[in-house]
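The values are calculated or read from the model by the stated rules, or taken from the named source; none is laboratory data. Note that the structure is predicted; figures quoted are calculated from it, not measured. Reconstructed Cβ throughout: ideal geometry from the backbone, glycine too, with neighbour counts over all protein chains shown. Quick note on the areas: whole protein, heavy atoms, side chains included, nothing else; ligands and nucleic acids left out. Shrake-Rupley method; radii C 1.70, N 1.55, O 1.52, S 1.80 Å.
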Amino acid sequence: MSATAPDGSPVGLYATLAALGEPELIHGAVPAGSRILDLGCGAGRITHELIALGHSVTAVDNSAEMLSHVRGAETVLADIETLDLGRTFPVVVLASNFLNAPEQGELDAVLGACARHVDDGGQVLLERMPPEWEPSTRTSTTGGVEMTLHDVVRDGALVSAVMEYRANGERWTHAFRAKLIPDDEVDAALERAGLERSRWLGERRTWLEARLSRGCEGRSGAPAASRPWGAGASPGRG
């Protein structure tokens, strides 16, 4: 059996998946040569491209197997929720579906980590699943990887399913639960973490930029808070 991360993500899959435009979006939103903290980096799908674009990256994941695939970055083995590096960064990136954590406590914990680690005046770049997403069991192919949803259960904003991936003669599955989060809930979660949304990045409104709330600037550490969804996306990591 291939290795899996603590959240069930198949390591072989994330070592296979290519970036899907995320590094270019991030690169266009931040200053050249930024020092970036990539939370939930996985096997480096986004990290490697950011380095190639001229940024320096500190890559955090709670899977040693995932981190073994990361090259050219400082790597940190840790859970995002309890991460405390004792330093801050001009840019913090939280890609994939961490904003779609089904439990508020998990969501608040990862946003608290973002707030703890961003410079005063720095940028937190966050990705969410499209709030209008409707699960489909049709097979789609992106970047040479076939993806098919199985066992879909929808209960209001909560979705659970199993995503099956096929590529290079291999097959992986990943069960996941997610909560689709609209704009007002995003803003409320950011506020609980001492952050505020400053803009959306792109017309799809799946990526946003947040900054420390004015009352939280000038602090030694921001207040900690109580952490496949269609074609072209994956259920977990960067």
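Name the single residue that is surrounded by the fewest Cβ atoms within 10 Å (Cβ to Cβ) among those in region 196-226 being modelled with pLDDT of 80 or more and of a type in the set (A, V, I, L, M).
We begin by selecting, within region 196-226, every residue modelled with pLDDT of 80 or more; these are 196-214.
Going one step further and asking which of them are of a type in the set (A, V, I, L, M), we end up with 201, 208, 210, 212.
Numbers: L201: 17, L208: 21, A210: 27, L212: 24.
Filtering region 196-226 for residues that are modelled with pLDDT of 80 or more and of a type in the set (A, V, I, L, M), the one surrounded by the fewest Cβ atoms within 10 Å (Cβ to Cβ) comes out as L201.
I need the full set of residues from region 158-207 which are over 13 Å from Q104 (Cα atoms) and of a type in the set (A, V, I, L, M, F, W, C), in order please.
V159, A161, V162, M163, A167, W172, A175, F176, L195, W200, L201, W207
Here is a yes/no grid of residues against (1) farther than 24 Å from V145 by Cα; (2) open to solvent by less than 60 Å² (accessible area, probe 1.4 Å):
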{"site": "S34", "(1), (2)": "yes, yes"}
{"site": "R71", "(1), (2)": "no, no"}
{"site": "T75", "(1), (2)": "yes, no"}
{"site": "D79", "(1), (2)": "yes, no"}
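Can you name the condition, by its number, that D108 falls short on among (1) of a type in the set (D, E); (2) closer than 26 Å to L208 by Cα; (3) open to solvent by 10 Å² or more (accessible area, probe 1.4 Å)?
Of (1) of a type in the set (D, E); (2) closer than 26 Å to L208 by Cα; (3) open to solvent by 10 Å² or more (accessible area, probe 1.4 Å), only one is false for D108: (3).
Cβ-Cβ below 6 Å, separation at least six or inter-chain, first residue in region 183-197 and within 13 Å of S213 (Cβ to Cβ), second at pLDDT below 95 and open to solvent by less than 70 Å² (accessible area, probe 1.4 Å): which pairs?
That search, which allows pairs on different chains as well, returns R192/A225; A193/A225; G194/S213; G194/C216; G194/A222; G194/P223; E196/S213.
Of everything in region 44-56 that's open to solvent by 10 Å² or more (accessible area, probe 1.4 Å) and under 24 Å from P6 (Cβ atoms), which residue is modelled with the lowest pLDDT?
R45
Please enumerate the residues belonging to region 155-181 that are farther than 25 Å from L13 by Cα, out of contact with any helix residue (DSSP H, G or I) (no Cβ under 7 Å at 6 or more places or on another chain) and surrounded by 12 or more Cβ atoms within 10 Å (Cβ to Cβ). Quick ask: steps written out before the conclusion?
Going through region 155-181, the residues farther than 25 Å from L13 by Cα turn out to be 155-157, 181.
Restricting the remaining residues to those that are out of contact with any helix residue (DSSP H, G or I) (no Cβ under 7 Å at 6 or more places or on another chain) gives 155-157.
Residue satisfying the conditions is A157 alone.
For residues that are part of a helix (DSSP H, G or I), modelled with pLDDT of 95 or more and closer than 16 Å to A59 by Cβ, tally how many sit in region 79-132.
Residues flagged as part of a helix (DSSP H, G or I), modelled with pLDDT of 95 or more and closer than 16 Å to A59 by Cβ within region 79-132 amount to 4.
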